[in-house]
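The values are calculated or read from the model by the stated rules, or taken from the named source; none is laboratory data. All of these numbers come straight from a predicted model, not from anything done at the bench. Positions of Cβ are generated from backbone atoms using ideal geometry, with glycine treated the same way; all protein chains shown enter the neighbour counts. Please note that ligands, DNA and RNA were not included when accessible areas were found on the heavy atoms of the full protein model with its side chains. Shrake-Rupley method; radii C 1.70, N 1.55, O 1.52, S 1.80 Å.
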Amino acid sequence: MWSFYFHELMRSLPFFMKGVWMTVAVAGLSLIAGTIIGFICGIMRAGRNKILRAVIGVWVDIVRGTPFLVQIFIIFFILPGIGIELDAFSAAVIALSNLSASFICEIVAGGILSVPKGQREAATASGLSQYHQLRFIVLPQAMRTVLPPLVGQYVLSIKDSSVVSAIGVVDITRVGWFTVQRIPEGIMVFGLVGLLYFAICYPLINLSGYLERRMTVMTIRL
Amino acid sequence: MISFKNVNKWYGDLHVLNNINLEVDAGEVVVVCGPSGSGKSTLIRCINRLEPIQEGELVVDNMAVHDKKTNMTKVRAEIGFVFQSFNLYPHMTALQNTTIAPIKVRKMKKADAEELGRETLTRVGLKDRINSYPAQLSGGQQQRVAIARGLCMNPKIMLFDEPTSALDPEMIGEVLDTIKMLAKGGMTMVVVTHEMGFAREVANRVVFMDDGYIVEVAPPNDFFRNAQTERGKAFLSSILSH
């Protein structure tokens, strides 16, 4: 029986590949948007404007303090109630972008604040504009601190993307749900689901570890 | 060149600069000394508005630093500032440290800025360390790169905030020699330092501060031999006794 189911599962592989593609699409788009928004918000969070800092802080707390599943439901089921109609894919990308952005915001802000104050003072004293200070002095140094946890956050977001299956996005997890109804070998089916996530995440985990070691070496050299 | 008129500054309740009046002429070298917490670092950090003042007038190179509307980028481009802790950019080579501001602020061409950078680093005795990163340099070398970084903006004024206080004793000489070289070249300078031998040699005037006040202003020989105030005498005996 087991080998029959395994054979069936192998025949479903193309379906799983569609799920992989969907997961990569949702997570990929969200990470691009989340990185851009996260950097902008992180820079403002570490900036001088107190109101912006407070507003972003509240947003981060709300996003981090509520379950991701609830956030998706709010975006997918509640926003249409006030006239914002979204398909499941868009809702998933918006929700995951929002989640990633809030975490990346904190990572970036922490990195910027870890750059010693004297660096900005030296740049200010030599007449560099705020933008040039950020672009050439502060961000390059902050990136040493930011990169390893940033890549780590990418891994977390890819895994969190499995939650979007709850609103009907046919990602790897959703394909697993469908398949397990036909092939009642839960361990086998979700073993494959897990393996596919792992295959996507593993290179990033390695990259994060590599960056961590490299950045540590650079910090010692500096 | 630099003119303080009735300048006051507070950190919260703490009155750190108390009715400061001081004129520094073009080409003059002024050494500021005093016990720690006397306000001497704050005084020179006000000159390029790293610290804002709350009261009074502070005019630098005919530009009103006390006026919030003044374009400080323009003022700062004319003032080199050397920090106690060097504050070199660790991700850039010595040469890049010296060229970033000329390229971005003075809009100099990269090749011209690099030539100027090389020339200036050579002038401070670092010809063979041009492509080194700060972490590969000794403290004295780092501080000379920091001086070169300031000089590459071709400033009218150089400010030094305890430039040798973070250095090992054997490196103090090389940095002081570099600063002396500038002084003899006619640069307008304000130097916060405890190096009294240096003050005696190059300063036109010594400003002694205590508790946020300027207590004495005198030519170095007068101040060292014959301080007029009790506080000045006490300070001198405390730093000269060891």
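Kirkwood Rh, the protein assembly as shown, all Cα pairs: how many Å?
Numbers: mean 1/r = 0.0382 Å⁻¹.
Computed over the protein assembly as shown, the radius equals 26.2 Å.
Could you sort B:PHE224, A:PHE15 by accessible area so the largest value comes first, with the probe set to 1.4 Å?
On the way: B:PHE224 25, A:PHE15 75 Å².
Order by accessible area, largest first: A:PHE15, B:PHE224.
Quick query: amide H of B:VAL65 versus all other amide H atoms, modeled in the peptide plane; which residues come in under 5 Å with a sequence gap of 5 or more or a different chain?
Residues meeting the criterion, in which the H sits 1.01 Å from N, are B:LEU58, B:VAL59, B:VAL60.
Enter the accessible area per residue of chain B (Å², integer; probe 1.4 Å; all protein chains in place).
That works out to 43 Å² per residue.
Just how much of B:HIS91 is accessible, in Å², when a 1.4 Å probe is used and the result is rounded to the nearest 10?
Surface accessible to solvent at B:HIS91 totals approximately 40 Å².
If you average the sequence gap of Cα pairs under 8 Å that are 6 or more apart and divide by the length of chain A, what percent do you get for the contact order?
Details: 238 pairs, mean separation 64.4, N = 222.
Taking the mean separation of contacting Cα pairs over the length of chain A, I get 29 percent.
Kindly identify the range A:2-221 as rounded, prolate or oblate by the Cα gyration tensor criterion: order the square roots of the eigenvalues as a ≥ b ≥ c, call it rounded if a/c is under 1.5, otherwise compare a/b with b/c, prolate if a/b is larger, else oblate.
Oblate shape, in that a/c is at least 1.5 and b/c is the bigger or equal ratio.
Within a Cβ distance under 12 Å of B:PRO35, other residues only, what is the Lys/Arg minus Asp/Glu net charge? Please list the in-between numbers first.
On the way: positive: B:LYS40, B:ARG231; negative: B:ASP210, B:ASP211.
Residues near B:PRO35 contribute 0 overall.
Go through B:139-148, B:173-182, B:50-59, A:98-107 and give me the packing order, highest mean Cβ count within 10 Å leading. Provide the component values of the computation, followed by the final result.
Details: B:139-148: 25.2, B:173-182: 19.0, B:50-59: 16.6, A:98-107: 23.3.
Answer by packing, highest mean first, reads B:139-148, A:98-107, B:173-182, B:50-59.
Return the long-range amide H neighbours of B:VAL215 (sequence gap of 5 or more, or a different chain), with a cut-off of under 5 Å between placed amide H atoms.
B:PHE208, B:MET209, B:ASP210
Considering Cα pairs under 8 angstrom that are at least six residues apart, work out the relative contact order of the range A:36-164 and quote it in whole percent.
On the way: 114 pairs, mean separation 41.3, N = 129.
Rounded, it is 32 percent for the range A:36-164.
Note the buried accessible area between B and A here, summed over both chains, with a 1.4 Å probe, in Å² to the nearest 100. Kindly include the intermediate steps, with their values, before the conclusion.
Details: alone 11310 and 12200 Å², together 21740 Å².
In total, this chain pair buries about 1800 Å².
Suppose R0 equals 25 Å. What FRET efficiency, 1/(1 + (r/R0)^6) with r the Cβ-Cβ distance, do A:LEU52 and A:PHE73 give to the nearest 0.05?
On the way: r = 29 Å, r/R0 = 1.15.
The pair A:LEU52/A:PHE73 has a calculated efficiency of 0.30.
Choose one of A:ILE183, A:ILE36, A:LEU156: the residue whose Cα lies farthest towards the positive end of the charge dipole of the range A:2-221 (beta-carbon charges +1 Lys, Arg; -1 Asp, Glu; about the Cα centre).
A:ILE36
For chain B, what is the relative contact order in percent, using Cα pairs closer than 8 Å and at least 6 residues apart in sequence? Working shown, then result.
Numbers: 448 pairs, mean separation 63.0, N = 242.
Worked out over chain B, it gives 26 percent.
Would you grab the residues whose amide H sits under 5 Å from the one on B:THR188? Only those 5+ places off in sequence or on another chain, please, with H modelled 1.01 Å from N.
Placed amide hydrogens put B:GLY27, B:MET158 under 5 Å from B:THR188.
Using Cα atoms only, what is the angle between the long axis of helix B:139-151 and the major principal axis of chain B, expressed in degrees (0 to 90) to the nearest 10?
90
If I model a spin label at B:ALA64 and B:ASN131 as a point 7 Å from the Cα along the Cα→Cβ vector, what separation in nanometres do I get?
That separation, rounded to one decimal, is 5.0 nm.
Run the numbers on the range B:103-122: which residues show a drop of 50 Å² or more in accessible area, chain on its own versus all protein chains together, using a 1.4 Å probe over heavy atoms?
Correct list: B:LYS104.
Summarise the accessible area of the protein assembly as shown (1.4 Å probe, protein heavy atoms) by the percent that is carbon and sulfur. Kindly include the intermediate steps, with their values, before the conclusion.
On the way: 12810 of 21740 Å².
Ligands and nucleic acids excluded, carbon and sulfur give 59 percent.
How far apart, in nm, are the 7 Å Cα→Cβ label points at A:TYR5 and B:GLU230?
If labels sit at A:TYR5 and B:GLU230, their model points lie 9.5 nm apart.
Provide the descending list of Cα extents for chain B along its principal axes, expressed in whole angstroms.
Principal axes ranked by extent give 53, 45, 32 Å for the Cα atoms.
Please give the per residue accessible area of the range A:130-210, computed with a probe of 1.4 Å over protein heavy atoms only, in Å².
I get 44 Å² per residue for this part.
How many nm separate the modelled label positions at B:THR73 and B:ASP168, each set 7 Å beyond the Cα in the direction of the Cβ?
Placing both labels 7 Å along Cα→Cβ, they lie 4.1 nm apart.
Where Rh is the Kirkwood radius over the Cα pairs of the range A:73-199, the temperature 37 °C and the viscosity 0.692 mPa s, what D in µm²/s does Stokes-Einstein return?
Working: Rh = 17.8 Å.
Roughly 184 µm²/s, to the nearest whole number.
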